[in-house]
1. Can you work out which of the residues in region 26-51 that are without any contact (Cβ under 8 Å) to a residue 24 or more places away in the chain and either in contact with an Asp or Glu (Cβ under 9 Å, 6 or more places away or on another chain) or of a type in the set (D, E, K, R) (or both) is nearest to residue 229 (Cα to Cα)?
2. Say we look at region 38-64 and pick out the residues that are among the hydrophobic types (A, V, I, L, M, F, W, C) and under 19 Å from residue 211 (Cβ atoms); which of these is surrounded by the fewest Cβ atoms within 10 Å (Cβ to Cβ)?
3. If you check every pair at least six apart or on different chains, which have Cβ atoms under 8 Å apart with a residue in region 131-144 that is under 18 Å from residue 161 (Cβ atoms) first and a residue that is part of a helix (DSSP H, G or I) second?
4. Can you work out which of the residues in region 105-127 that are hydroxyl-bearing (Ser, Thr, Tyr) and over 22 Å from residue 232 (Cα atoms) is modelled with the highest pLDDT?
5. Among the residues of region 62-86, which ones are within 15 Å of the chain's Cα centre (by Cα) and either over 22 Å from residue 237 (Cβ atoms) or of a type outside the set (Ser, Thr, Tyr) (or both)?
6. Listed residues 206, 223, 168, 202; which is touching a residue at least 24 places away in the same chain (Cβ under 8 Å), touching a Lys or Arg at 6+ places or on another chain (Cβ under 8 Å) and aliphatic (A, V, I, L, M)?
7. With touching a helix residue (DSSP H, G or I) at 6+ places or on another chain (Cβ under 9 Å), without any contact (Cβ under 8 Å) to a residue 40 or more places away in the chain and under 13 Å from residue 89 (Cβ atoms) as the only criterion, which of 186, 228 stands out?
Amino acid sequence: MNNSVGNTARLIGAGLRALLVLTVLCGVLYPLAVTGIAQALFDDKANGSEIKDRSGAVVGSSLIGQSYDLPKQNPDDAEEAVKPDLKWFQPRPSNGLGSNSVNTQYSLILSGATNRSADNGAVGGLCTAGAEEGTLCAQVVAAKDAVIADNSTTSYKIEPGDVPADAVTSSGSGLDPHISPAYAELQVHRVAERNKLDVERVEKLVAEHTEGRTLGFMGEPRVNVLELNTALKALTQG
């Protein structure tokens with residue numbers, strides 16, 4: 001009996017020592033080492049790829065899209081239509097899976113796409129104004145009309161053929177922070193007019209924030225909307 005109790009006590013003691021050692025190694029030292037290495041070598045990415053304005057305030061992450069809308073006249077009215085603030089470059093449409101109180105800049109709970117086929121709501125194989133309400137085609141047609149109306153100025157008219165696909169469709173994740181250079185350039189005249197800037201200066205701003213393909217061959221050229229709008233804000237504030 002005494003041997004049995006002693007052996008049990010030794011096993012429990014060994015287990016507790018192993019638990020303590022592994023807790024210190026895996027729960028304290030390893031996380032500290034990984035965090036230290038990440039902060040030393042990749043501090044920007046480790047902290048969430050934050051974007052700061054010139055005052056040093058964090059305005060978002062370069063990895064997550066944001067919307068730029070006018071405030072609602074009645075914040076408690078869920079049915080009130082949200083209108084874009086046209087002095088800013090606008091992102092791709094957002095089609096997340098729900099609303100949330102964490103990231104109010106984009107109405108998302110989870111990353112996700114519409115899961116609708118390209119011909120959802122098409123009439124005669126084409127997306128036209130006769131598309132059934134609530135279908136992908138109806139959303140695309142409405143978005144295209146809005147892009148044309150919002151970005152046409154007194155001196156610059158948008159034609160339907162000028163509107164790129166990313167201006168009227170959400171990304172696969174619904175979180176895409178980028179737009180195509182074509183969509184950014186389409187917005188230049190409107191942004192310049194609303195902010196009382198020269199068109200050439202705004203075009204230069206877009207060019208400065210246009211990224212090429214990753215490693216020269218992966219993906220497409222793109223413009224990060226948050227970074228572009230942060231630079232635009234600094235420009236308008238002098």
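1. From region 26-51, those without any contact (Cβ under 8 Å) to a residue 24 or more places away in the chain are 26-50; that's our starting set.
Remaining after also requiring either in contact with an Asp or Glu (Cβ under 9 Å, 6 or more places away or on another chain) or of a type in the set (D, E, K, R) (or both): 43-45, 50.
Values: 43: 23, 44: 19, 45: 20, 50: 14 Å.
The extreme case among them is 50.
2. Residues of region 38-64 among the hydrophobic types (A, V, I, L, M, F, W, C): 38, 40-42, 46, 51, 57-59, 63-64.
Those still in the list that are under 19 Å from residue 211 (Cβ atoms) too: 42, 51, 59, 63-64.
Working: 42: 11, 51: 20, 59: 15, 63: 15, 64: 18.
It comes out as 42.
3. 143/167; 144/160; 144/167
4. Step one: list which residues in region 105-127 are hydroxyl-bearing (Ser, Thr, Tyr), which gives 106-107, 111, 114, 117.
After this cut, where a residue has to be over 22 Å from residue 232 (Cα atoms) as well, the list is 107, 111, 114, 117.
Details: 107: 51, 111: 64, 114: 70, 117: 73.
It comes out as 117.
5. Of the residues in region 62-86, the ones within 15 Å of the chain's Cα centre (by Cα) are 62-69.
Matches in region 62-86: 63, 64, 65, 66, 69.
6. Numbers: 206 fails: touching a Lys or Arg at 6+ places or on another chain (Cβ under 8 Å); 223 fails: touching a Lys or Arg at 6+ places or on another chain (Cβ under 8 Å); 202 fails: touching a Lys or Arg at 6+ places or on another chain (Cβ under 8 Å).
Result of the check over 206, 223, 168, 202: 168.
7. Details: 228 fails: without any contact (Cβ under 8 Å) to a residue 40 or more places away in the chain.
Selected residue: 186, the only one of 186, 228 that is touching a helix residue (DSSP H, G or I) at 6+ places or on another chain (Cβ under 9 Å), without any contact (Cβ under 8 Å) to a residue 40 or more places away in the chain and under 13 Å from residue 89 (Cβ atoms).
The values are calculated or read from the model by the stated rules, or taken from the named source; none is laboratory data. Just so it is clear, the structure is predicted and the values come from calculations on it, not from any experiment. Reconstructed Cβ throughout: ideal geometry from the backbone, glycine too, with neighbour counts over all protein chains shown.
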